[in-house]
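K.L.:
The structure follows.
The values are calculated or read from the model by the stated rules, or taken from the named source; none is laboratory data. None of the values given here were measured: they were computed from a predicted structure. Note that we place each Cβ from the backbone using ideal geometry, even for glycine, and neighbour counts take in every protein chain shown. In case anyone asks, the SASA skips ligands and DNA or RNA and just uses the protein heavy atoms, side chains included. Shrake-Rupley method; radii C 1.70, N 1.55, O 1.52, S 1.80 Å.
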Amino acid sequence: IEELPRLADRLFTGRVAFRITGPAGETDNLFAWDSGFGTQTLGRGPILRIITGGPAPATPPPTPTPNYVVITMTPMDGQALLAAAVSALTATAQSTPLPADVTPPPTATRTPLPPNWVTPIVMVNTAIPENNATAVWQAQVATAAAIVNGTATATPPNVWTATPTPLPTATPLIVYQDLLTPTFTPSATPLALPALLRGKILFFSDRNGDEQLMVMDPDGNNVAIWTGGAPKWIYATAKRNEDLAPDGSARVIVSSEQVRNSQLWIIDAQSGSRKQLTHFNQIAYDPVWSPAGNRIAFISPEPGNDELYMINADGSDLRRLTENDWEWDKHPTWSPDGSQIVFWSNRQTKRKQIWIMNADGSNVRNLSNNEYNDWDPVWVK
């Protein structure tokens, strides 16, 4: 009797199970009947009929809550919700009331979403900042948002998230010559000279058809094409301080003021005073200050063709470093330690090639050594 209420609840939900036990003997015992396949039942098995002890309960038991979450596609913050409410109230206040004898037109009722409707959301990781300034800015924005809006509500554990579309792989800053494809997409211009260029040699080349900025190691290996932003900007940034004294006290310039042909002049950074450095009959140009700060390399056609010279910053100890018959040498640049000088020349090959030598003019050798034109090197300091 005490089990009847529980049996009634089970019958209402359609879920009930029985285990019938009884004596193993006595053929007229209900619990000893077989399943209908024995000789005594002649193939007609017993039928168990259950009659509930009363009507169904007045309040059906609640249906289990489905493991779904309804998520709106476009989250709205407090300001957006306030704007929507104000808009709705304004529309109601400005609407013209209908006369009393006019039946208002029917309005459509939005069909509610099913209770187990799920809108997947895409969880995308915050992009890694490209520099420290961006990281600081992102932290300040996050802090301000937390102060204004409070702590963010945690995502429910049963929210369904879709797999985000992976971002495209960033274009490398340099592409090595042996991996170069016919086309490439340049990256955005960086905010500062990338550290990976330190100690490398930048130069221009026509080896791929058009003029392109290239990069190579000081030994001529690992030749690569620059794709990390505007080539002119990168090159100008690397070359910007080639004519500046390492301590910033002075700059060497090319000027034809007060002389017939352009000569090298030293300009004091504080006073702006000028001092003429070279006194050639021909012009002097392409000056670069050594990292040690005591010597300046430059080019002049004084002997009849462009040759590479070196002079102390005070105008003493003028030396000619190269000697050619008709060929020309141009655009010198010092190594970071001041022990070597790189320049371009058309000697031997009759093409523009990148050459290197010791600071005293010895051990001259071709770094480019190819059938194309390479010119205007800058050794990145």
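K.L.:
Ignoring any ligand, DNA or RNA, what whole percent of the accessible area of segment 255-381 comes from carbon and sulfur when the probe is 1.4 angstrom?
P.N.:
It is 42 percent, rounded to a whole number.
K.L.:
So which trypsin sites (Lys or Arg not before Pro) in segment 196-288 pass both tests, a DSSP loop state and at most 14 other Cβ atoms within 10 Å of the Cβ?
P.N.:
Within segment 196-288, the qualifying trypsin sites (Lys or Arg not before Pro) (loop, at most 14 other Cβ atoms within 10 Å) are Arg198, Arg240, Arg260.
K.L.:
I'm a student and want to see the number: the projected area of the Cα convex hull of segment 275-375, averaged over all directions, in nm².
P.N.:
Computing the convex hull of the Cα atoms and averaging its projections yields 6.2 nm².
K.L.:
A follow-up question, please. Which of the three applies to segment 326-381, rounded, prolate or oblate, going by the alpha-carbon gyration tensor with a ≥ b ≥ c and a/c under 1.5 meaning rounded?
P.N.:
Prolate is the answer for segment 326-381, as a/c is 1.5 or above and a/b outweighs b/c.
K.L.:
Can I ask one more? What are the chymotrypsin sites (Phe, Trp or Tyr not before Pro) within segment 247-327 that DSSP puts in a loop, where the Cβ has at most 14 other Cβ atoms within 10 Å?
P.N.:
Hits after loop and neighbour filter: Trp326.
K.L.:
So which GluC sites (Glu not before Pro) in segment 272-374 end up in coil per DSSP with only 16 or fewer other C-beta atoms within 10 Å?
P.N.:
Glu323, Glu327, Glu371
K.L.:
If you don't mind, there's one more thing I want to ask. On a straight-distance basis, which lysines could pair with Lys381 in a cross-link, Cα separation under 26 angstrom, same-chain partners fewer than 8 positions away excluded?
P.N.:
Cross-link targets: Lys200, Lys232, Lys239, Lys330, Lys352.
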